[in-house]
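Peer 1: Mind looking over this structure? Questions follow.
The values are calculated or read from the model by the stated rules, or taken from the named source; none is laboratory data. Being a predicted model, the structure only gives us computed values, none of them experimental. So basically every Cβ, Gly included, is an ideal-geometry build from the backbone, and we count neighbours across all protein chains shown. Note: accessible area is taken over every heavy atom of the protein model, side chains too, but ligands, DNA and RNA are not part of it. Shrake-Rupley method; radii C 1.70, N 1.55, O 1.52, S 1.80 Å.
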Amino acid sequence: MNNRLLIIGGLTTLVLILVIAYLVGFWAWIFLGLVALLLVGLAIWDVTQKRHAILRNFPVIGHMRYLLESIRPEIQQYFIERNFDGKPFDRDTRSIVYSRSKGADDHKAFGTERDTGRIGYEFLLHSTAPVAPPERIPTVRIGGPDCRQPYDLSLMNISSMSFGSLSKNAVVAMNKGAALGGFIHETGEGGLTKYHRGNGADLFWEIGSGYFGCRTEDGRFNPESFAEKAALPEVKGITIKLSQGAKPGLGGVLPGPKVTPEIAEAREVPVGVDCISPASHSAFTTPREMVRFIGHLRQLSDGKPIGIKFCVGSRTDVLAMCKAIWEERTAPDYIIVDGSEGGTGAAPLEYSDHVGTPLTEGLMLVHNALVGTGLRHMIKLGAAGKVATGSDIVKRLIQGADFTMSARAMMMATGCIQAQKCHTNHCPVGVATQDPRLTRALDVEDKSKRVHNYQKLTVREAVQIMASMGLNHPSQLNTRMLRRRVDHLNTRSYASIYHWLREDELLNEPPRGWAADWREADADHFGEHAPVGYLTEPDPQWRDELDVQTSAMSLGDLRASLRSGEAQRPVPTPAGSASAGRGSGTGTDSAADRSGEGQSEGEGEPRSEGRPPERNADEKDIDGARPRRSGSDTGSTPVVSNEPRPEGRLGS
């Protein structure tokens with residue numbers, strides 16, 4: 001039936017075309033002849049190509065499928081999705097950003113469209129006696145006990161985005177907006193470029209595993225180059241990037257053809273050569289070495305704030321950092337927690353969807369670890385990940401942050417339309433591209449004012465929300481003020497849903513849920529390195545007790561028999577195994593265990609190292625984009641090479 005309708009429709013269309021050509025005259029017939037020849041040629045090509053089965057079976061008309069697929073995101077975003085369920089940012093959120101950046105009205109009438117009865121819905125508690133918002137917007141003092149040049153930070157700042165990922169016009173527009181608003185612009189790991197300077201903005205210089213802007217020829221950290229740039233007056237702090245939410249545990253590759261002279265100058269790499277950010281740092285490999293590196297950078301920068309940024313992975317790693325801080329008596333001035341919700345960096349879909357800890361859980365984990373180890377008062381905590389509205393800021397402050405960083409919302413204030421083509425060099429609005437034809441559409445002066453307006457109005461809205469909650473300052477927020485619907489009948493506050501550690505609790509008496517990880521955490525190792533007992537028994541054998549007939553025994557009797565047999569003949573366990581500690585559930589450490597802080601029970605055991613996955617790494621886009629297809633779309637599929645991912649390499 002479908003084929004019959006298709007034939008009838010095609011014949012009808014052909015008849016109409018012929019009638020129109022007859023009425024128009026001679027030139028119409030020539031035009032139709034050329035079109036017919038082109039279509040015949042396309043049909044022959046479709047039938048003979050081997051890559052697309054649809055085109056072989058349905059030549060010419062099969063191209064309609066690929067045409068519709070190419071515009072599917074736009075149709076979905078503008079015509080199908082509702083105001084509140086789009087991803088990564090819904091239409092309501094995007095509308096708020098666009099309206100505030102233009103200084104336009106951002107109100108909405110007739111109530112919320114969100115389902116307040118949905119499990120997971122969160123809301124803030126207002127006060128019966130709200131107060132007036134403070135005349136002066138609160139700021140956060142960044143600077144620990146060893147910092148000699150503290151800095152007062154805004155509640156919302158521009159998160160790290162590199163020149164190379166962003167166009168020069170986008171970088172300058174954000175930089176000028178930060179200068180107008182008096183908030184921080186973080187550079188991204190692509191280096192401290194000329195586009196970040198000269199506009200009056202204060203900067204946090206981010207240093208990644210590639211050490212761009214302060215590297216030697218072989219890609220290692222260059223202290224002399226770092227000291228020279230860190231002394232610049234606009235550099236107010238230095239952030240060491242351990243990982244990012246878009247692709248935690250993975251580096252990045254900028255293909256050689258995209259390493260232009262401007263980018264090569266900024267990153268201090270050769271022109272036209274693949275620019276690789278390794279998966280890990282070469283300046284340190286353990287928590288202790290990382291803490292010493294922090295102290296080294298603080299000395300080289302003459303006491304400016306030094307921080308670290310990472311997407312949370314293992315809780316043991318976070319606790320190992322805390323132990324290293326205590327043992328070395330050196331602490332970062334701030335920690336920025338990035339959420340696995342992703343960001344501007346392109347990443348394999350498996351990483352975006354399934355690797356890393358979401359911001360809510362990661363932020364609370366780091367906050368609790370710092371409180372439990374008595375370090376929270378000297379280290380400020382930042383939250384980076386889908387912070388776009390005033391309520392986002394307030395929620396992150398309740399969950400443990402002192403300030404927030406925003407990247408994608410700042411891109412939208414600069415003109416981004418969420419086309420999700422950041423890694424293709426075809427950004428339609430000139431924000432995430434190096435194509436001069438596309439970049440020129442972004443007017444720097446206009447967009448800088450929009451960035452300033454957006455940040456100013458969003459922070460003002462956050463302060464207004466806190467005033468509606470009866471608060472004069474962010475320090476008055478507490479976990480009882482944020483509630484989540486846990487089922488269709490009940491809501492609970494964050495104070496009751498989550499366990500919040502007390503000051504020094506990990507140092508004195510670790511709770512049961514933290515004790516095993518606290519024992520395993522080691523200042524000289526990253527990773528969960530304690531061996532699992534049942535995997536380390538040599539030469540597994542059938543027990544002698546199983547030689548008897550067991551078919552008539554109950555499961556309980558069989559287990560009791562095995563336990564008694566194991567008690568008579570202990571299973572050899574490698575020295576230092578922590579498996580017993582994990583199963584004891586006592587939740588406490590002896591005084592002897594605590595006196596040896598930083599010495600893991602699993603010390604000396606070999607650590608398992610992950611092997612980078614095999615995947616075609618010939619072409620990568622900016623900061624770790626997925627490989628593009630090679631060869632013609634209508635040719636045969638190429639066989640990928642056996643080389644590992646360049647962005648998966650470890651720092652050498």
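Peer 1: Going by what's in this entry, would Gly303 be described as in contact (Cβ under 8 Å) with a residue 40 or more places away in the chain, farther than 21 Å from Thr216 by Cβ, open to solvent by less than 30 Å² (accessible area, probe 1.4 Å) and not charged (D, E, K, R)?
Peer 2: Spelling it out, Gly303 is indeed in contact (Cβ under 8 Å) with a residue 40 or more places away in the chain, farther than 21 Å from Thr216 by Cβ, open to solvent by less than 30 Å² (accessible area, probe 1.4 Å) and not charged (D, E, K, R).
Peer 1: With (1) open to solvent by 20 Å² or more (accessible area, probe 1.4 Å); (2) more than 17 Å from the chain's Cα centre (by Cα); (3) charged (D, E, K, R) as the list, and Lys323 as the residue in question, which single condition is left unmet?
Peer 2: Answer for Lys323: the failing condition is (1).
Peer 1: Now for a separate question. Among the residues of segment 359-413, which ones are acidic (Asp, Glu) and more than 30 Å from Asp446 (Cβ to Cβ)?
Peer 2: Hits for segment 359-413 are Glu361, Asp402.
One line per residue, one yes/no per condition, for (1) more than 24 Å from Gln149 (Cα to Cα); (2) in a helix (DSSP H, G or I); (3) modelled with pLDDT of 95 or more:
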position	(1), (2), (3)
Ala279	yes, no, no
Ser282	yes, no, no
Val291	no, yes, yes
Gln299	no, yes, yes
Lys309	no, no, yes
Val318	yes, yes, yes
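Peer 1: Residues that are within 14 Å of the chain's Cα centre (by Cα) and free of Cβ contacts under 8 Å to residues at least 60 places away in the same chain, at least 1 per element: which helices (runs of 4 or more DSSP H) completely within segment 344-408 meet that?
Peer 2: Per the criteria, 349-354, 359-372.
Peer 1: Kindly evaluate Ser154 against the criterion of being modelled with pLDDT of 95 or more and either among the acidic types (Asp, Glu) or open to solvent by 10 Å² or more (accessible area, probe 1.4 Å) (or both).
Peer 2: Working: modelled with pLDDT of 95 or more: yes; either among the acidic types (Asp, Glu) or open to solvent by 10 Å² or more (accessible area, probe 1.4 Å) (or both): yes.
Judged against the criteria, Ser154 is a match.
Peer 1: Residues being within 30 Å of Pro332 (Cβ to Cβ) and surrounded by 12 or more Cβ atoms within 10 Å (Cβ to Cβ): count how many of those fall in segment 125-142.
Peer 2: 7
Peer 1: Any residue that is surrounded by fewer than 16 Cβ atoms within 10 Å (Cβ to Cβ), touching a residue at least 60 places away in the same chain (Cβ under 8 Å) and acidic (Asp, Glu) - is there at least one of those in segment 103-119? Reasoning before the result, please.
Peer 2: Narrowing segment 103-119 to residues surrounded by fewer than 16 Cβ atoms within 10 Å (Cβ to Cβ): 103-105, 107-119.
Imposing the further condition that a residue be touching a residue at least 60 places away in the same chain (Cβ under 8 Å) reduces the set to 103, 116-119.
After this cut, where a residue has to be acidic (Asp, Glu) as well, the list is none.
No: segment 103-119 contains no residue that is surrounded by fewer than 16 Cβ atoms within 10 Å (Cβ to Cβ), touching a residue at least 60 places away in the same chain (Cβ under 8 Å) and acidic (Asp, Glu).
Peer 1: Let me ask something additional. Quick one: count up the residues across segment 171-193 that are under 27 Å from Asp274 (Cβ atoms) and out of contact with any strand residue (DSSP E or B) (no Cβ under 9 Å at 6 or more places or on another chain).
Peer 2: Result for segment 171-193: 1.
Peer 1: If the Cβ limit is 8 Å and pairs must be 6+ apart or interchain, which residue in segment 168-195 that is open to solvent by 10 Å² or more (accessible area, probe 1.4 Å) pairs with which residue that is of a type in the set (Lys, Arg)?
Peer 2: Close Cβ pairs (under 8 Å, with a partner that is of a type in the set (Lys, Arg)) amount to Asn169/Arg440; Asn169/Lys447; Leu180/Lys449; Gly181/Lys456; Glu189/Lys241; Leu192/Lys229; Tyr195/Lys168.
Peer 1: Same structure again: From the list Arg65, Arg72, Arg56, which residue is among the charged types (D, E, K, R), over 30 Å from Leu457 (Cβ atoms), open to solvent by 70 Å² or more (accessible area, probe 1.4 Å) and over 36 Å from the mean Cα position of the chain (by Cα)?
Peer 2: Of Arg65, Arg72, Arg56, the one residue that is among the charged types (D, E, K, R), over 30 Å from Leu457 (Cβ atoms), open to solvent by 70 Å² or more (accessible area, probe 1.4 Å) and over 36 Å from the mean Cα position of the chain (by Cα) is Arg56.
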